[in-house]
């Protein structure tokens, strides 16, 4: 009897502890995000006050972002479209180059495949920021500074290695007999690639396409170094510029930051299952 | 083509195509392979090999290193980098290890909690960091406002004190990346066969025994790979320091990645910036070698 009671008490304590930890995690995760919303809902003068909850919340800052009536926000929507298009191009090129390479290694099985794998691995372990200085110099030489193509080039370079790993692992689950059967029927490598390989790789393509799009949407350093004209910037660089302006329009900054953060969040939650299989598929060999 | 001549016997044909495709490629196959591999080879040559060579050339003058080591900011940046790597990465991964167990609990509210928990990871880095920067403002930030309204006392000057500012950078790093590593380690835990736990429970093992004798050894190599990979990424991390402390106060919280960019672009001395970055190679190379060795063992894949 007392043993059962002790077990029940123990379970009770465990439940209370889990609830406390859960509450702490909610606060931990949400405080910086709450701060974003809190500041965005304030008027410019109220930003410099000691409140925790906005005294008179208003959507004024969001309206300012939408009609770009504040000078630092003049090019905001152009920057959103820059971020979007750079992301789309990066994702497309990553998918094209990644699948072509993984098809060469995994399906055509050339003897030099290991060199491609090692090149990808080598790129993967070089921190992106370490190549920023020479990359900037090279782009200067080519007259490519202030050109979105330079940003696209570097983002594709750093997104492709992971794409190649995932495509190779995923491709290994597609039976090789399919290729052989197609070959017997007289299919050429490009036909096998387009008609057999790509359709069967669809889930991995979705995962890596999302990965590359988000990598590009979130990238700051290279866009900051390589782009300078106001109308060519991506959003994170535009947000960074706010910080250096003499006025501190924190409410507009936070409202713009929220508008910029919403699309990737929607993608994360919409593609959550596919993303996590994509991102952790390789995590463990089960 | 050997395939057409043996087409009468599908079994032979199949065996032969396999051996053909494994050993010898036909001429046209080889041309196709060349064409398919070309885009990546070009990208690799133009945007990885060329910048590496150019960077090594930029940072090849010994005099630059004398100038770098004489810079009073350099030792503190090196120390901060080491602190960032050891404290932020290891604390984050240890928490991720524990939380990955917590999130394996069954029940609807754990699932909802997990959705909230991954928010910092889903929000792009720059807005998150900018918000933390303003949240920690000593005069008008949310944290000190909350301290004031609860205790009627002034909170600490989070970003105006070197130690607190570095601590704030570490906090921001953990806040941003904890969800990602927790999910990776959850995937690792899911790969552990449940029978192991059940068998141990039958033998009367406690929860702590299960953790120590099953979870820890089964996750060890994944955990090590996570540590190495996370260290490499943290070594190149620019955004956290840039947006949380900006390297301040008085340049005391720079890390090598941000100091390199500062030397190259703000001071306008690209060779000095490159030397700063290259001086991190003695840290980077051992991490990479250990990672490669661990990956070669084949228990964990990227």
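Quick notes
- Spin-label zone in segment B:97-117 - amide nitrogen under 14 Å from a point set 7 Å from the Cα of residue A:272 along the C-beta vector: B:107-117
- Principal axes of segment B:73-296: Cα extent on each, largest first, Å: 65, 51, 25
- Label-point gap, in nm, between residue B:105 and residue B:208 - each point 7 angstrom along Cα→Cβ: 2.0 nm
- Between residue B:266 and residue B:46, residue separation times 0.36 nm minus the direct Cα-Cα distance comes to 76.6 nm.
- Fluctuation leader among B:189, B:212, B:79 - chain B, Gaussian network, Cα springs under 10 angstrom: B:212
- Seen against the Cα atoms of chain B and their longest principal axis, helix B:10-23 is set at about 50 degrees.
- Working from Cα pairs under 8 Å separated by at least six residues, relative contact order for chain B is 24 percent.
- Of all the options A:71, A:217, A:85, the one that moves most in a Gaussian network model of chain A with Cα springs shorter than 10 angstrom is A:71.
- Remark: the residue B:290-residue B:149 segment gains 45.8 nm on full extension, using 0.36 nm per residue and subtracting the alpha carbon distance.
- Residues in segment B:131-151 reached by a label modelled at residue A:34 [backbone nitrogen below 13 Å; 7 Å Cα→Cβ]: B:142-147, B:150
- Alpha-carbon radius of gyration plus Dmax, which is the widest Cα pair, for segment A:1-146 in Å: 27.0, 83
- Debye intensity ratio in log₁₀ form over the Cα atoms of segment A:93-179, taken at each q of 0.11, 0.14, 0.18, 0.22 Å⁻¹: -0.38, -0.57, -0.82, -1.04
- Panel order for A:230, A:180, A:155, B:266, by other beta carbons found within 10 Å of each beta carbon, from fewest to most: B:266, A:230, A:180, A:155.
- Taking the number of Cβ atoms within 10 Å of each Cβ as an exposure proxy, the fewest-first ranking of A:201, A:254 is A:201, A:254.
- Principal-axis tilt of helix B:281-296 within chain B, Cα atoms, nearest 10 degrees: 40 degrees
- Three-way shape label, segment A:72-280, alpha-carbon gyration tensor, a/c 1.5: prolate
- Label separation (residue A:228 vs residue A:243): 2.1 nm, computed from points 7 Å beyond Cα along the C-beta direction.
- With the convex hull of its Cα atoms as the shape, the protein assembly as shown has an orientation-averaged projected area of 32.7 nm².
- Alpha-carbon centroid distance for the pair segment B:46-121 / segment B:174-234, whole angstrom: 21 Å
- Cα-based shape type of segment B:69-136, given that a ≥ b ≥ c are square roots of the gyration tensor eigenvalues and the cut on a/c is 1.5: oblate
- Between B:54, B:180, B:44, the residue with the greatest mean-square fluctuation in the GNM of chain B (Cα pairs under 10 Å linked by springs) is B:44.
- Counted by neighbouring Cβ atoms within 10 Å, the residues B:245, A:228, B:168 run from fewest to most as A:228, B:168, B:245.
- Averaged over peptide B:114-122, the number of partner chain Cβ atoms lying within 10 Å of each residue's Cβ comes to 6.
- Expressed in units of 2.2 N^0.38 Å, where N is the residue count, the Cα radius of gyration of segment B:132-256 is 1.49.
- Placing pseudo-labels 7 Å out from each Cα toward the beta carbon at residue A:78 and residue A:27 gives an inter-label distance of 4.6 nm.
- Counts of other chain beta carbons within 10 angstrom of each beta carbon in peptide A:34-43 average 4.
- Helix-derived mean residue ellipticity, 222 nm - over the protein assembly as shown, DSSP H n ≥ 4, -39500 (n - 2.57), to 500: -22000 deg cm²/dmol
- Alpha-carbon Rg/Rh ratio, for segment A:2-67, with Rh computed the Kirkwood way: 1.38
- Peptide A:99-108 has a mean of 5 when you count, residue by residue, the C-beta atoms of other protein chains within 10 Å of its C-beta.
- Acute angle (nearest 10 degrees) that the helix B:125-135 long axis makes with the longest principal axis of chain B, alpha-carbon atoms: 20 degrees
- Segment A:163-222 and segment A:71-149: distance between their alpha carbon centers, rounded to Å: 18 Å
Bear in mind that the values in this text are calculations on the coordinates, not laboratory data. These figures come from a predicted structure and were not determined experimentally. As a convention, Cβ positions derive from the backbone with ideal geometry for all residues, glycine included, and neighbour counts pool all protein chains shown.
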